[in-house]
1. Jot down the per residue volume, in cubic angstrom and as a whole number, of the convex hull over the alpha-carbon atoms of the chain.
2. How tilted is helix 32-44 with respect to the longest principal axis of the chain? Cα atoms for both, answer in degrees (0 to 90, nearest 10).
3. Sort 141, 93 by Cβ crowding within 10 Å, fewest neighbours at the top.
4. Mind running the shape call on segment 56-170? Use the C-alpha gyration tensor, a ≥ b ≥ c as the square roots of the eigenvalues: rounded below 1.5 for a/c, prolate if a/b tops b/c, oblate otherwise.
5. Per DSSP helix of 4 or more residues, -39500 (n - 2.57); summed, then divided by the residues of the chain. What does that give at 222 nm, rounded to the nearest 500?
6. Cα atoms only: what Rg and Dmax, in Å, come out for segment 43-123?
7. Counting only DSSP beta bridges with both residues in segment 10-192, what percent are antiparallel, rounded to the nearest 5?
8. Applying a 10 Å radius around every beta-carbon, put 59-68, 82-91, 185-194, 1-10 in order of their mean neighbour count, most first.
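Nothing in this text is a laboratory measurement; each read-out follows from the coordinates by a stated rule. Here the structure is a predicted model, which is why all the values come from computation and not from measurement. All Cβ positions, glycine included, derive from the backbone under ideal geometry; neighbour counts span all protein chains shown.
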């Protein structure tokens, strides 16, 4: 199934979109509000030169833009209080915080982190789906092509190392079963989203 059929034509130029376990059919068919929110932020998003050339710790401007757009639409950062009952004794097993949650849809943004963050996200989605807490997990990341097409020409390739989060590091983890049975949507930002704004 072609995932691009769910999105405007220009998304094919801007994003590498992949899905597992019918994530898009579930998202569009049962969670239209969240699907429209996602389409809105992706339509508006630009990978601006000014957002990637400047350093600074903490959350990247790319992640901050995506988060803030969704927060204005009612999405929120959230951790889930889960526990396991063993022989009558309750053992708390809280999840890691998910960047954006609205209803039963969970979205994490991994722009330039260690690849272990993918394992954390996929494990979270797997657990929460098995507990019937979420219906679809979404990961927004960067396409591997950005390294050669955008970062090297700008001289900032060292900021975005090969061992950090990009889609070629994520796909094997998914295909190896990292998300379990959780329907999953991956959106990787391609060089077609890049804008020379400075």
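1. Value for the chain: 126 Å³ per residue.
2. 20
3. Listing 141, 93 from fewest to most nearby Cβ atoms yields 93, 141.
4. prolate
5. That calculation yields -9500 deg cm²/dmol at 222 nm.
6. 16.2, 56
7. The answer is about 60 percent antiparallel.
8. Descending packing order for the listed peptides: 185-194, 59-68, 1-10, 82-91.
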